[in-house]
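Heads up: the structure comes next, in structure tokens.
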Amino acid sequence: MDIMPILLGAIAGVVIGTGLAYLIFTKVLNKKAEGIVKEAEDKGENIKKAKLLQAKEKFLALKEEHGKEIKDRNRKLQSSEDRIKSKESQLSKQIEQNKLKDKEVEKLKSNLSQQRSVLEKKQGDLDKAHQRSVVLLEEISGISKDEAASKLMEELKEEARTMGSAQAQEIIDEAKLKATQEAKKIVIQSIQRVATEHAVENSVSVFNIENDDVKGRIIGREGRNIRALEASTGVEIIVDDTPEAIILSCFDPVRREIARLSMHQLVTDGRIHPARIEEIVNKVRKNINEEIMEVGKRTAIDLGIHNLNSELIRMIGRMKYRSSYGQNLLQHSREVANLSAVMAAELGLNAKAAKRAGLLHDIGKVFDEESELPHAVLGGKLAEKHGEKPDVCNAIGAHHDEIEMTTMISPIIQVCDAISGARPGARREVVESYIQRLKDLENLALEYPGVTKSFAIQAGRELRVIVESDQVTDEQSDSLSFDISQRIMTEMTYPGQIKVTVIREKRAVNYAR
């Protein structure tokens, strides 16, 4: 059987079937594509219609909003126009009224000018009549117008002075009565609110020792150690039969404290000789100066006083070693500061400024250099120099009435200073005058050239003067001692006699290297 015709028929059938399938598939695809396109066109048309509707709605909303803005602007313009028209009408009315007023003013001016001319004429007639009257009175009385005026003025002055004096006396008496009552009340309240101690200073310190053998070491060979101590410290050292005690005598508490601490260190260390003594004394003096600064700072902090100059703080610390009529100066100043603050607060014044002035009011007493100015004036100048305010400086300088009081806190400081010093047991007049005499004695010797140190010892019965060996010879030492003694006799008042000792020491120092 022949296979070829069968294969050809099969191939032809496959081809024809494929073509028919292609045609059918193509038609189906075309129909689907047309459906998709139509559906897309429908959707696009719907979206287009929706967008157009939204655009129309937005346009209408914007149009309505724009219309409202235009209406608001028109309304504002209309109101502004109405206000302008109203102001124009008011201005026109004012202009018309001003025109009427100008006319009235012109009429008044003309009337015033007429009245002025009439008055001037009458014034002239009165002056003439007054002159005739004055001439007639002068002829009758026999005195001139000037003499009569001066007499009348004197009588009026005398009458006014008498009346013024009587009235002023009444006012002063009434003010004194009220002021006395109020002052007593404030002073009593201030004293009651501030607690104080009785402070009494002396001029002798006692240095206790363990046994009397230490006395011989302090005296040294031929007394050289005790002489070196007295020369370095300016303190009289009394070694007597008092058991286990050495007496240090000096009016200056700082010197006594330096001598006491120096002796304590020397005895503790055990090495006692002139070179060691001088070294220890210098070291102790430095420590005392540091302690003085610390005391000043602590006092300012305790009282709540800030921004003090370092030099003022040092002076406050020195008050611890200074007494005024036997009253410790630092305690006195603290007391015055507290009293001043209380009294200023009671009077409604600046309590901080009053407390500051009260603490610093006696700094003139602890100034390093001697000055001829009273301590109050000197203290005021020192406070001004170191940046204190004018009211504080005036209160310091005027608390003893050496200068005029210009602030309200000045009399408060004066009163509180008197309160602190006048209370029972506060002061001893004899001690103060005694210390001042010793200071004057030392300062007198320091005025001579070549004198480096001077110490008043034995309660002022001896003055030891230390001179530079290269400036003062032995012969000049004799002359210096005589001159000082003669000047003491002529310028000072003192009991008994004063021994003047001039000490001239030659030192030869070399170093082995």
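When we screen I226, I313, I277 for residues that are touching a Gly at 6+ places or on another chain (Cβ under 7 Å) and within 28 Å of E462 (Cα to Cα), the only hit is I226. Inspect all residues belonging to the stretch 356-374 and state whether any of them is at pLDDT 85 or above and more than 23 Å from Q331 (Cβ to Cβ). Scanning the stretch 356-374, I find no residue that is at pLDDT 85 or above and more than 23 Å from Q331 (Cβ to Cβ), so the answer is no.
Just to be sure, is R271 in a helix (DSSP H, G or I) and open to solvent by 20 Å² or more (accessible area, probe 1.4 Å)? When the stated conditions are applied, R271 does not pass them. Of the listed requirements (1) of a type in the set (S, T, Y); (2) touching an Asp or Glu at 6+ places or on another chain (Cβ under 9 Å); (3) open to solvent by less than 10 Å² (accessible area, probe 1.4 Å), T233 misses just one: (2). One residue stands out in the stretch 452-484 among those that are in a loop (DSSP other than H, G, I, E, B), touching a residue at least 12 places away in the same chain (Cβ under 8 Å) and among the charged types (D, E, K, R): the one that is surrounded by the fewest Cβ atoms within 10 Å (Cβ to Cβ), namely E468. Just so you know, in the stretch 236-262 the residues that are of a type in the set (A, V, I, L, M) and part of a strand (DSSP E or B) include one that is most open to solvent (accessible area, probe 1.4 Å), and it is I238. Only one of the numbered conditions (1) open to solvent by 40 Å² or more (accessible area, probe 1.4 Å); (2) over 30 Å from L441 (Cβ atoms); (3) of a type outside the set (G, A, S); (4) in a helix (DSSP H, G or I) is violated by E278, and that is (2).
Among the candidates G296, G234, single out the residue that is modelled with pLDDT of 85 or more and of a type outside the set (A, V, I, L, M, F, W, C).
Working: G234 fails: modelled with pLDDT of 85 or more.
Being modelled with pLDDT of 85 or more and of a type outside the set (A, V, I, L, M, F, W, C) holds for just one of G296, G234, which is G296.
Residue check: is A422 open to solvent by 60 Å² or more (accessible area, probe 1.4 Å), within 21 Å of K320 (Cα to Cα) and either of a type in the set (V, I, T) or at pLDDT below 90 (or both)? Criteria met by A422. So which residues in the stretch 218-230 are crowded, with 17+ Cβ neighbours inside 10 Å, over 29 Å from N328 (Cα atoms) and of a type in the set (D, E, K, R), if there are any at all? Across the stretch 218-230, the qualifying residue is only R227.
Selection of the stretch 290-316 for residues being surrounded by 14 or more Cβ atoms within 10 Å (Cβ to Cβ), in a helix (DSSP H, G or I) and polar (S, T, N, Q) yields only T299. In the stretch 210-224, the count of residues that are at pLDDT below 85, assigned to a helix (DSSP H, G or I), of a type in the set (A, V, I, L, M) and under 30 Å from K355 (Cα atoms) is zero.
So that you can scan it fast, the table gives a plain yes or no per residue for (1) buried (at least 23 other Cβ atoms within 10 Å of the Cβ); (2) touching a residue at least 12 places away in the same chain (Cβ under 8 Å); (3) within 22 Å of S323 (Cβ to Cβ):
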position: N350; (1), (2), (3): no, yes, no
position: A354; (1), (2), (3): yes, yes, no
position: A357; (1), (2), (3): yes, yes, yes
position: F367; (1), (2), (3): no, yes, yes
position: S371; (1), (2), (3): no, no, yes
position: V377; (1), (2), (3): no, yes, yes
position: K389; (1), (2), (3): no, yes, no
position: T407; (1), (2), (3): no, yes, no
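Hey, does the stretch 188-209 have a residue that's at pLDDT 75 or above and more than 26 Å from V465 (Cα to Cα)? There is at least one residue in the stretch 188-209 that is at pLDDT 75 or above and more than 26 Å from V465 (Cα to Cα).
The requirement of being among the hydrophobic types (A, V, I, L, M, F, W, C) and open to solvent by 100 Å² or more (accessible area, probe 1.4 Å) is not satisfied by I84. Within the stretch 425-450, the set of residues being open to solvent by 20 Å² or more (accessible area, probe 1.4 Å) and either modelled with pLDDT of 85 or more or over 27 Å from V336 (Cα atoms) (or both) comprises K439, D440, N443, L446, E447, Y448, P449.
The values are calculated or read from the model by the stated rules, or taken from the named source; none is laboratory data. A quick note: this is a predicted structure, and the numbers were derived from the prediction, not measured. Because the Cβ atoms are built from the backbone with ideal geometry, glycine has one as well, and the counts that use them run over all protein chains shown. Ligands, DNA and RNA are stripped out before the accessible areas are found, and what is left, the full protein with its side chains, is counted by its heavy atoms. Shrake-Rupley method; radii C 1.70, N 1.55, O 1.52, S 1.80 Å.
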